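The values are calculated or read from the model by the stated rules, or taken from the named source; none is laboratory data. Nothing here was measured: the structure is a model prediction, and the numbers come from that model. When we count neighbours, we look across all protein chains shown, and the Cβ atoms used for this are built from the backbone with ideal geometry, even at glycine.
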Amino acid sequence: MFEEGSIFTQLLVERLNYFIYVVLLLIGLWAMIAKNNLIKKLIGMSIFQTAIILFYVSIGVKEGATIPIYLPEHDPHASHGSAEHNDAAVSGPQVLEVSEVSGYTNPLPHVLMLTAIVVGVATLGLALSICLRIYRGYGTVEEDDLLLKLEQEDSRNAGGFKKRRPRKRPSSTKASSGAAQAVSSEKSKSDRAGQGNRRSRSKSPAKKTQSSSTSDGKKPARRRPRPKKPKERDS
Amino acid sequence: MKRVAVIVVLLIGLLLAWAVRDFPSWGDPHAPASSSPVSSHFISSTGVDTEVPNMVTAVLADYRGFDTMFETVVVFIAGLAVVSILRGGPRRRTRDREFVVNFEPDLIVTNTVRLIVPVIQIFAFYVLAHGHVSPGGGFQGGVAMGASFILIALSWDLKTALARFPLDRCFTVAALGIVIYAGIGLLSMFLGGEFLDYAHLAEAFPVSPEMARYHAMLGVEIGVGFTVTAIMFALYASLSTDGRMRDGL
């Protein structure tokens with residue numbers, strides 16, 4: 001199984017580090033897809049991020065090289081303040097030789113990950129705050145409970161609306177959908193209808209008929225009519 | 001759902017494991033990342049362009065200064081967003097979540113923290129100010145500094161920490177950090193260079209262009225440190241109290 005050149009040798013012996021990152025990345029990905037709890041999804045996201053950071057750092061590794069900080073003998077400006085290096089300052093700074101360059105690791109992955117870690121913490125804080133807000137609103141951070149509650153809320157709003165409003169409205173608000181092309185008298189009427197809608201602060205039957213025509217039957221059309229109203233006011 | 005997830009994850013895993021064979025082995029000096037002209041340029045000419053021996057700091061604050069500035073802005077905006085998300089809005093069902101912590105600060109813990117916090121803060125300043133010649137810089141120093149305030153909040157209570165670093169001052173300091181960073185960039189622009197081209201600061205100050213870059217990098221790192229310190233503490237304070245800024249941890 002571990003003979004020379006087999007895929008197991010390549011994966012688990014020669015490139016074990018990459019294998020570890022792949023496993024970490026998959027754990028994070030699995031948590032993000034399959035877990036129900038939003039906090040657990042965030043934990044998965046952090047594990048994913050850690051895998052990427054480790055990957056970058058391991059790319060920066062170079063055998064026989066030191067950290068990317070100049071050794072005193074390589075610093076072109078030399079050690080500050082010591083008098084004996086004045087002659088180097090006179091002759092001007094020298095660019096490092098190729099052999100000397102290979103003695104330092106690549107600084108770029110470290111720079112990129114340095115900022116990525118701190119920005120990752122900040123964005124994780126933002127995600128946690130959104131989770132807290134969701135918990136405040138719905139009392140749960142479980143995804144299926146959340147979807148259930150959203151659906152219940154939507155259907156409750158839609159049902160409550162039907163009771164309050166007689167079904168005369170649709171014809172008048174239907175005219176409002178064509179208000180852009182309508183003559184001004186009609187427009188004023190549809191404006192009134194729009195105001196009425198706004199006052200009631202819930203979905204109008206007209207929206208419902210429209211949404212069913214666009215085959216969006218399951219979700220009560222809450223968002224759909226919103227962009228329409230400013231358009232009417234503009235025209 | 002779980003079955004789909006397992007299939008997707010396994011597929012991606014197989015693809016990645018297959019791709020791993022093409023990667024360079026551990027520490028290979030001839031790996032593309034190590035032998036690319038960009039990295040050898042950074043290594044060879046950092047010492048010529050600047051007086052900073054730490055290449056990471058030079059790349060972070062000078063060569064990629066624009067990037068770092070907006071990373072700092074991202075941190076700042078994330079802090080603003082957290083506070084504005086958690087502070088506003090209706091608070092339903094607060095009653096069943098409200099709990100009062102009758103919590104007496106522990107004598108041993110508080111006295112240990114009293115001793116440790118100054119050391120942490122001095123070390124944070126050291127990391128921040130010495131980021132040119134040794135590993136360190138604004139991000140690291142800022143995080144250490146923010147952690148010291150979080151430690152105060154954990155060992156006493158949030159009120160004690162907020163008395164030392166109120167939330168509005170957090171955002172003043174964070175904004176000040178970005179103003180310092182962008183101000184140094186603008187100053188070098190007014191002196192005839194491009195935005196964040198620190199070498200032109202030498203025209204206003206009696207230093208060589210390389211030394212001007214050195215000091216400008218220090219200034220930039222201080223700005224980053226301000227922002228990161230303040231936002232780390234603001235994040236903790238907001239998240240641990242659900243935005244109420246009282247009770248909590």
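Residues in the stretch A:82-108 that are within 7 Å of chain B (Cβ to nearest Cβ) and at pLDDT 85 or above: A:Tyr104, A:Asn106, A:Pro107, A:Leu108.
Of the helices (runs of 4 or more DSSP H) lying entirely inside the stretch B:1-58, those containing at least 1 residues that are among the charged types (D, E, K, R) are B:2-20, B:37-49. Against the numbered list (1) under 21 Å from B:Ile77 (Cβ atoms); (2) in contact with an Asp or Glu (Cβ under 6 Å, 6 or more places away or on another chain), B:Phe171 comes up short only at (2).
This table checks each residue for (1) farther than 25 Å from A:Tyr70 by Cβ; (2) within 14 Å of another protein chain (Cβ to nearest Cβ).
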{"site": "B:Arg114", "(1), (2)": "yes, no"}
{"site": "B:Pro118", "(1), (2)": "yes, no"}
{"site": "B:Phe123", "(1), (2)": "no, no"}
{"site": "B:Gly138", "(1), (2)": "no, yes"}
{"site": "B:Met145", "(1), (2)": "yes, yes"}
{"site": "B:Leu162", "(1), (2)": "yes, no"}
{"site": "B:Asp168", "(1), (2)": "yes, no"}
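Contact map, the stretch B:15-33: residues that are farther than 16 Å from A:Phe19 by Cβ paired with residues that are of a type in the set (Val, Ile, Thr) and outside any loop (DSSP other than H, G, I, E, B), Cβ distance under 6 Å, separation 6+ or inter-chain. Pairs shown: B:Ala33/A:Ile59.
Residues in the stretch A:110-140 that are facing chain B (nearest Cβ under 7 Å) and more than 15 Å from B:Asp242 (Cα to Cα): 8 in all.
B:Gly13 - would you say it is over 28 Å from the mean Cα position of the chain (by Cα), within 7 Å of chain A (Cβ to nearest Cβ) and of a type in the set (Gly, Ala, Ser)? So B:Gly13 fits the description; yes. Looking at B:Val119, B:Val127, just one residue is at pLDDT 95 or above and out of contact with any Leu (no Cβ under 9 Å at 6 or more places or on another chain), and that residue is B:Val119.
Determine, yes or no, whether B:Val220 is assigned to a loop (DSSP other than H, G, I, E, B) and either within 14 Å of another protein chain (Cβ to nearest Cβ) or surrounded by 19 or more Cβ atoms within 10 Å (Cβ to Cβ) (or both).
For B:Val220, the condition - assigned to a loop (DSSP other than H, G, I, E, B) and either within 14 Å of another protein chain (Cβ to nearest Cβ) or surrounded by 19 or more Cβ atoms within 10 Å (Cβ to Cβ) (or both) - is not met.
Among the listed residues B:Gly137, B:Gly192, B:Gly183, B:Gly146, which satisfies the condition of being of a type outside the set (Val, Ile, Thr) and under 29 Å from B:Asp106 (Cβ atoms)?
Going through B:Gly137, B:Gly192, B:Gly183, B:Gly146 in turn, the sole match is B:Gly146.
Each row is one residue, and each column tells you yes or no for (1) crowded, with 19+ Cβ neighbours inside 10 Å; (2) small (Gly, Ala, Ser); (3) assigned to a helix (DSSP H, G or I).
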position	(1), (2), (3)
B:Gly185	yes, yes, yes
B:Ala202	yes, yes, yes
B:Ala216	yes, yes, yes
B:Gly225	yes, yes, yes
B:Leu235	yes, no, yes
B:Gly243	yes, yes, no
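Residues in the stretch A:141-157 that are surrounded by 15 or more Cβ atoms within 10 Å (Cβ to Cβ), within 14 Å of chain B (Cβ to nearest Cβ) and within 21 Å of the chain's Cα centre (by Cα): A:Val141, A:Glu142, A:Glu143.
For the criterion of being at the interface with chain A (Cβ under 7 Å from one of its Cβ atoms) and of a type in the set (Val, Ile, Thr), B:Val52 fails. Of all residues being buried (at least 20 other Cβ atoms within 10 Å of the Cβ) and among the small types (Gly, Ala, Ser) in the stretch A:59-80, which is modelled with the highest pLDDT? Just the residue, please. Applying the filter and picking the extreme gives A:Gly60. Can you pull out the residues in the stretch A:20-55 that are surrounded by fewer than 18 Cβ atoms within 10 Å (Cβ to Cβ), assigned to a helix (DSSP H, G or I) and not aliphatic (A, V, I, L, M)? Passing the criteria: A:Lys40, A:Ser46, A:Thr50.
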